[in-house]
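Colleague: Pasting a structure below so you can have a look.
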Amino acid sequence: MKTSIATVSISGEFPEKLQAIAKAGFDGVEIFENDFLAYDESPRDVGRMVRDFGLEITLFQPFRDFEGMPEPHRTRTFDRAERKFDVMQELGTDLVLVCSNVSPISLGGIDRAAADFHELGERAAKRGLRVGYEALAWGRHISDHRDAWKIVRRADHPNVGLILDSFHSLARKIDIGSIRSIPKEKIFIVQLADAPLIDMDLLYWSRHFRNMPGEGDLPVTDFVAAIAETGYDGYFSLEIFNDQFRGGSPKAIAADGHRSLIYLGDQVRRRPGVTSLSVPAMPERAAVKNVAFVEFAVDEADADQLTAMLKTLGFRRTQAHRTKKVDVYQQGEIRILVNTESVGFASSAYAVHGPSAYAMALEVEDADEAYRRALALGAEPFSQPVNPGELEIPAIRGVGGGLVYLIDTKTQLGRLWEVDFQPVEAGEDPEPAHLTTIDHVAQTVAYEEMLTWLLFYTSIFDTRKSPMVDIIDPAGVVRSQVIENAAGSLRITMNGAENRRTLAGHFIAEKFGSGIQHIAFNTDDIFATAAALRANGFKALPISPNYYGDVEARFGLDPELTERLRSENILYDRDEDGEYFQLYSGTFAEGFFFEIVQRKGYRGYGAANAIFRISALKKQIRPEGMPTV
Ligand SMILES: O=C(O)c1ccc(O)c(O)c1
Ligand SMILES: [Mg+2]
């Protein structure tokens, strides 16, 4: 599978775009005419620059409003094509993309269009060039790849072929089965884009909301599988018109794009009936069994505050690292590590971000396989020296430059708690609070980074994403998206902050970056937990009394239950799957907090309650740090 990306897909000056594209690992680039026109160098120099970056020009595009023109426009259109052919020859590319005519003066008719393409094919052939025809979803007469294919077939010219673009076909829900019968040599190139499902005008949707395959909701994998079944193994080229990407970091967007293509190729390769696609071999997406631990980087003073909070939550200090200043706090199957080292990565994470949950460990079937897959998808490996006899845990860089450790039980890694750690004497143990497992880890990221991390998790781990929802913060909107596995043993909620006045935005600003903002634990009995926490001196986040009148009315709750919820500051939600109870701690270190949940069949995250807990949490953050609304 050869990878390419259109220059329109990313921001920056022409050379900056090319550099980012080359660095991300693409083989080719589509030159989008306006990018080229806005640049001062000659076509020859641009062609040379592209090749100097080790890239091939996959095509020049778009050539608009070509087929079906009445005279005198028709003659002029052919003259215009000849001019573009000159440019292509100087650039050093043999393929031009002709998109279906949108002009109101254009005439319909398959034969007329086919005759025009036949003639264009003749002219192109004289120069050793090729013409690819693409149906725009909003084309005047041709808006369906099946019709474009009819025209190409009838044009019957070796230098005229079809260009398929996933957006145009999938946005119009055109039957993908229609692709399977197209001879592979007539597919000149394939353009790919995904998009979130939004009900809007096709042109506007296409020009502003496309995103990388896997980032949106279109069945791009099915589309590529159908193409692969023809035996096509040419270029797959990203063509992403996206307002956010245009303003984003060229390097990051290009890297996401390349990752999305490799991930897509790997998914398609695993489909039955697909043999042609040459994709680098890599292990399957890793099934995550659980979040094995979350590790905090803190100094001694913060550690006192954090561990005091953990104790009120019913955690016991059970182990200490043999050679490092790392303590393990445990309850049920949950492990929280508290790292107060003054050297190494945790300490630098502390220096940059202050106290933070900088690392988490995911237990998978085979840590080495998960690690290899992550690297094949362009994840950044992490390692630091370990002391003799200690385990080297495979790790990759995650959200905000934090770490994701990968562990398993089939190798020595399964003995981590015996090899690297030793038991400590029981101290003054708190009352156990019946916390069992980590329900979810909530990461706060800048809104522009959301898709990057979404692709990171979904491409490496066997997870799926939920639709994005809006969380209302009194100071703005926070976008929230869940990444979870079918078993519910890995749940990550990602909150994207658009401004710094929201709780999420404040967290990012204060921490100098993205990271884990809260961890939620499961209990099987929220009221027993609440009672134990009270006995431990835990301070629950106070929820406005007005909230309880509303939930009682909304869900028709028994007043006795409402009163219990109110007296324990427990939030409540219910949907068709079941009930949900939520209890929050106060904040630690400028916005970090803990949550305790009980799920009675419920699978969501209490989005409707978010505004109430956000308002309550904001009251706890130092007033000068957090503008109120
Ligand atoms: O939005 C457009 O005009 C446009 C142009 C060229 C393409 O390949 C395409 O998919 C869309
Ligand atoms: Mg296109």
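The values are calculated or read from the model by the stated rules, or taken from the named source; none is laboratory data. Predicted model, so just to flag it, every value in this text is computed and none were measured. With ideal geometry, Cβ positions are generated from the backbone for all residues, glycine too; neighbour counts draw on all protein chains shown. When the accessible area is computed, the model is the full protein with side chains, heavy atoms only, and any ligands, DNA or RNA have been set aside. Shrake-Rupley method; radii C 1.70, N 1.55, O 1.52, S 1.80 Å.
Colleague: Take ARG613, ARG415, ARG500 and sort them by solvent-accessible surface of the protein heavy atoms, 1.4 Å probe, largest at the top.
Modeller: ARG500, ARG415, ARG613
Colleague: In the full protein assembly as shown, how much of LYS289 is accessible to a 1.4 Å probe, in Å² to the nearest 10?
Modeller: The value for LYS289 is about 80 Å².
Colleague: Using the alpha-carbon atoms, what tilt in degrees (0 to 90, nearest 10) does helix 14-24 show relative to the longest principal axis of the chain?
Modeller: Between helix and principal axis, roughly 60 degrees.
Colleague: Okay, next question. Rounded to the nearest 10 degrees, what's the angle between the helix 250-269 long axis and the longest principal axis of the chain, both from Cα atoms, 0 to 90?
Modeller: For helix 250-269, the angle is close to 80 degrees.
Colleague: A further question on this structure: How many angstrom separate the Cα center of the range 544-594 from the Cα center of the range 524-540?
Modeller: Centre-to-centre distance over Cα atoms comes out at 14 Å.
Colleague: What figure, in Å² to the nearest 10, do you get for the accessible area of MET88 with a 1.4 Å probe and non-protein molecules left out?
Modeller: Spelled out: MET88, probe radius 1.4 Å, area about 0 Å².
Colleague: Same structure, new question: Compute the accessible area per residue over the range 72-177, keeping the other protein chains in place, probe 1.4 Å, unit Å².
Modeller: 40
Colleague: OK, next. Once label points are set 7 Å from the Cα along Cα→Cβ at both ARG76 and SER383, what is their separation, rounded to one decimal in nm?
Modeller: 6.5
Colleague: Let me ask something else. Determine the gain in length on full extension of the stretch LYS84-ASP233; use 0.36 nm per residue of separation and subtract their C-alpha separation, reporting nm with one decimal.
Modeller: Taking 0.36 nm per residue and subtracting the Cα distance, the gain is 50.9 nm.
Colleague: Something else about it: Where both residues lie in the range 288-423, what percent of DSSP beta bridges are antiparallel, nearest 5?
Modeller: Of all bridge pairs located within the range 288-423, approximately 75 percent are antiparallel.
Colleague: Hey, another quick one. Could you tell me the distance between the Cα centroids of the range 7-42 and the range 89-161, to the nearest Å?
Modeller: 25
Colleague: Can you tell me what share of the DSSP beta bridges in the chain is antiparallel? A percent to the nearest 5 is fine.
Modeller: Percentage antiparallel, nearest 5: 55.
Colleague: Roll a 1.4 Å probe over the protein chains and send me the accessible area per residue for the range 458-503 in Å².
Modeller: Normalised by residue count, the accessible surface of the range 458-503 is 38 Å².
Colleague: Also: How large is ³J(HN,Hα), in whole Hz, for each residue of the range 434-448 in order, when computed from phi with the Karplus curve 6.51 cos²θ - 1.76 cosθ + 1.60 and θ = phi - 60°, using x for Gly and Pro?
Modeller: For the range 434-448, the Karplus curve yields 6, 7, 10, 9, 7, 7, 8, 10, 9, 10, 9, 9, 5, 3, 5 Hz.
Colleague: Same structure, new question: Return one number: the angle in degrees, 0 to 90 and rounded to the nearest 10, between the long axis of the Cα atoms of helix 559-568 and the longest principal axis of the Cα atoms of the chain.
Modeller: So the inclination is approximately 80 degrees.
Colleague: Now, a different point. Just to check I understand the Karplus step: with θ = phi - 60° and J = 6.51 cos²θ - 1.76 cosθ + 1.60, what whole-Hz values come out for the range 232-239, glycine and proline as x?
Modeller: Working through the residues one at a time gives 4, 9, x, 5, 10, 10, 6, 10 Hz.
Colleague: Sticking with this structure for a sec: What FRET efficiency, computed as 1/(1 + (r/R0)^6) with R0 = 41 Å and r the Cβ-Cβ distance, is obtained for VAL343 and ARG372, rounded to the nearest 0.05? Walk me through the numbers before you get to the answer.
Modeller: Values: r = 29 Å, r/R0 = 0.71.
Using R0 = 41 Å, I get an efficiency of 0.90.
Colleague: Next question, about the same structure. Given a 1.4 Å probe and every protein chain left where it sits, what share in percent of the accessible area of the chain is carbon and sulfur?
Modeller: Solvent-exposed carbon and sulfur of the chain make up 49 percent of the total.
Colleague: Just the accessible area per residue of the range 285-327, please: how many Å² with a 1.4 Å probe? Intermediate results must be reported in sequence, preceding the final value.
Modeller: Numbers: 1680 Å² over 43 residues.
Value returned for the range 285-327: 39 Å² of accessible area per residue.
Colleague: Can you give me the long-range amide H partners of ILE187? Hydrogens built in the peptide plane at 1.01 Å from N, cutoff under 5 Å, separation of 5 or more residues or another chain.
Modeller: LEU162
Colleague: Another question about this same structure. Defining a contact as two alpha carbons under 8 Å apart and six or more residues distant in sequence, what relative contact order in percent does the chain show? Mind showing how you got there, number by number?
Modeller: On the way: 1348 pairs, mean separation 61.1, N = 629.
The normalised contact order for the chain reaches 10 percent.
Colleague: Right, next: Can you list the residues, at least 5 places off or on another chain, whose amide H is less than 5 Å from the amide H of PHE421, using H built in the peptide plane?
Modeller: ARG322
Colleague: May I ask you to compute the full-extension gain from ALA38 to SER544, defined as 0.36 nm times their residue separation minus their alpha-carbon distance, rounded to one decimal in nm?
Modeller: Full extension from ALA38 to SER544 adds 176.5 nm.
Colleague: Where does the chain land at 222 nm, in deg cm²/dmol rounded to the nearest 500, when only DSSP H runs of n ≥ 4 count, each adding -39500 (n - 2.57), divided by all residues?
Modeller: Value at 222 nm, helices only: -10500 deg cm²/dmol.
Colleague: Another question, then. Please go through the residue pairs LYS173/LYS465; LYS23/LYS511; LYS23/LYS126; LYS251/LYS465; LYS150/LYS465; LYS311/LYS618 and name each one whose alpha carbons sit more than 32 Å apart in this structure.
Modeller: Violating the 32 Å Cα-Cα cut-off are LYS23/LYS126; LYS150/LYS465.
Colleague: Using θ = phi - 60° and the Karplus relation 6.51 cos²θ - 1.76 cosθ + 1.60, list the HN-Hα couplings for the range 320-337 in order, rounded to whole Hz, with x at every Gly or Pro.
Modeller: 9, 5, 5, 10, 10, 7, 10, 10, 10, 10, 10, 7, x, 9, 8, 10, 10, 9
Colleague: Please list GLU215, GLU82 from largest to smallest accessible area, probe radius 1.4 Å, with all protein chains kept in place.
Modeller: My answer, sorted largest first, is GLU82, GLU215.
Colleague: Just to be sure I understand the model, the point goes 7 Å from the Cα along the line to the Cβ. What's the resulting GLU365 to ARG534 distance in nm?
Modeller: So the label points at GLU365 and ARG534 sit 4.7 nm apart.
Colleague: Follow-up. Can you work out the FRET efficiency for the pair ARG246 and GLU560, with r the C-beta to C-beta distance and R0 = 56 Å, to the nearest 0.05?
Modeller: Here the calculated transfer efficiency is 0.50.
Colleague: Using modelled amide H (1.01 Å from N, peptide plane; none on Pro or chain starts), what sits under 5 Å from the amide H of PHE588, excluding residues fewer than 5 places away?
Modeller: Residues meeting the amide H criterion: PHE593.
Colleague: Mind listing which chymotrypsin sites (Phe, Trp or Tyr not before Pro) in the range 474-559 are in a DSSP loop and have 13 or fewer other Cβ atoms within 10 Å?
Modeller: PHE512
Colleague: Given the peptides 265-274, 293-302, arrange them by the average over their residues of other C-beta atoms within 10 Å, most packed first.
Modeller: In decreasing order of mean packing, 265-274, 293-302 become 293-302, 265-274.
Colleague: So, R0 is 56 Å and r is the distance between the beta-carbons of ARG180 and GLU428; what FRET efficiency does that work out to, to 0.05?
Modeller: Details: r = 69 Å, r/R0 = 1.24.
Using R0 = 56 Å, I get an efficiency of 0.20.
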